[in-house]
1. Tally up the carbon and sulfur contribution to the accessible surface of the chain as a whole percent, 1.4 Å probe, everything protein left in place.
2. Determine the per residue accessible area of segment 42-165 with all protein chains present and a 1.4 angstrom probe, expressed in square angstrom.
3. To the nearest 20 debye, what is the magnitude of the charge dipole of segment 34-176 about its Cα centre, counting +1 on the Cβ of each Lys and Arg and -1 on the Cβ of each Asp and Glu?
4. Rank-order 132-141, 60-69 by packing density, defined as the average count of other C-beta atoms within 10 Å over each peptide's residues, highest first.
5. Within segment 32-176, what is the number of lysine pairs with alpha carbons under 28 Å apart, leaving out pairs fewer than eight places apart on the same chain?
6. Can you tally the net charge around residue 26? Count Lys and Arg as +1, Asp and Glu as -1, for every other residue whose Cβ sits under 15 Å from the Cβ of residue 26.
7. Can you give the relative contact order of the chain as a percent, counting alpha carbon pairs under 8 Å and 6+ residues apart?
8. Give me the orientation-averaged projected area of the Cα convex hull of segment 1-142, in nm², one decimal.
Amino acid sequence: GLAMDGRLWGNYGEGYTLDASNPHSGSNSLRCQTASNVEAQGAVQVIELNQDVPRSIVVAGWARLEGISGPPSYKCSVYLDLRLADGKSWPMKIAVFDPAKEGWQYSEAVHTPPAPIVSARVYVFLREKAGTAWFDDIYVGEVLDETGKRSENRLQSPGFETHPDTANPAREELFS
């Protein structure tokens, strides 16, 4: 599906909607809207990191929440499941958003791995919570040195903009 429709973000749960009426920046945000505490909507993208030494990973982004209750949790977050060079999974590295805050809010977390990171499955979602969440300007990158210098964003289309000329690895792999 990702190769055929050219999307860089795949569906999580019931998928997502690109919303031009409520961006944090640019022309789009990603909107997730659920009616009950058993539904899930969101997006997923896989990125390759192939670290040669363990480097901390930064996960961050912006969200705007409406009609969502409860404390901040993984249920409304940027959520990473990581695969390490030793073959082990290192799941649930998250940046969470607070339903009590109004307007756009920023969240960031830094996680230090026990081994080099090979790849990350990056989710942006609203799950098991009723309400609406908009996400935008997501960042996943590495801390490159002891001064805290960060890598460029490893995500493609982190602001959910539509760029027809953007590389699509799934499409390139399918047609090669």
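The values are calculated or read from the model by the stated rules, or taken from the named source; none is laboratory data. All of these numbers come straight from a predicted model, not from anything done at the bench. Backbone-built Cβ (ideal geometry, glycine too); neighbour counts: all protein chains shown. In case anyone asks, the SASA skips ligands and DNA or RNA and just uses the protein heavy atoms, side chains included. Shrake-Rupley method; radii C 1.70, N 1.55, O 1.52, S 1.80 Å.
1. Numbers: 4320 of 8760 Å².
So the carbon and sulfur contribution to the accessible surface is 49 percent.
2. On the way: 5640 Å² over 124 residues.
Per residue, segment 42-165 has an accessible area of 46 Å².
3. So the magnitude is around 400 debye.
4. The most tightly packed comes first, giving 132-141, 60-69.
5. Close lysine pairs under the 28 Å cut-off: 9.
6. Working: positive: 31, 64; negative: 19, 136, 137, 161.
That works out to -2.
7. Answer for the chain is 32 percent.
8. Mean projected area of the Cα convex hull: 8.7 nm².
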